[in-house]
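Here, each number is a calculation from the coordinates, and none is a lab measurement. Every value quoted in this text rests on a predicted model; they were computed, and no experiment measured them. No Cβ is skipped: glycine too gets one built from the backbone with ideal geometry, and neighbour counts run over all protein chains shown.
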Amino acid sequence: MKKHLLHAVALAAALALSLAACSAAPSSSGESAPAAQSASAQSAAPQSQSAASGEEAEVPLYIGMGSSYAQYAASVPAPAQPDEVIAAIGELTGWDCTLAGPVEQGDGFVKVRFAQQSALFAGPPEPQKDEFHMYDAEQMCRTFLDSVARTLQANFAGKDGQPLEVYYLPESGSGDLILENIGLAISPKTPYAVS
């Protein structure tokens, strides 16, 4: 009897902790994605200050490829940072957008490295959200890369009035980004060109 009572108390404590964690998580409504935690040490201070004050920035997200995109809105901590905007794409679509490190920002450019666990390498989640269903590896990779590039260009300025240059690098940070599953190599020396 004592063993069952201890088990019940432990189970109740675990349930209470789980419920507390769930109620502390941000919720989303409509097409807005919740604010995401940034992996970037650079944006950690502004994020925690804005999170404490409740300031948020509404950012457009573009999901699609080539010249065909659907536009959505998301809220991220103000001021918006590339890491958080990319995380908002993941929240909206269900795609794993795990970065291999902070997005590097320069004068008119960003350098983005995705982790091997991201949808770029691992494919879409199972189950997929119907609205963002991908039918094959090529569609997944091209839609993923185009959506991130287009969204970053919409939210961050390039140099001298030009669009933001987006560079995709491999997880290691050096060499070409190789997507073997679709036979694509992306040079780190050339800005990504939307397909």
In what sequence do Cys141, Cys97 fall when counting other Cβ within 10 Å, fewest first?
Cys141, Cys97
Arrange the following residues from fewest to most other Cβ atoms within 10 Å of their Cβ: Leu145, Leu169.
Leu169, Leu145
Straight distance only, please: which aspartates and glutamates reach the Cα of Lys159 with their own Cα at less than 13 Å, same-chain residues fewer than 8 apart left out?
Asp107
At a 10 Å Cβ-Cβ cut-off, how would you order Ser187, Ser118, Ser172, fewest neighbours first?
Ser172, Ser187, Ser118
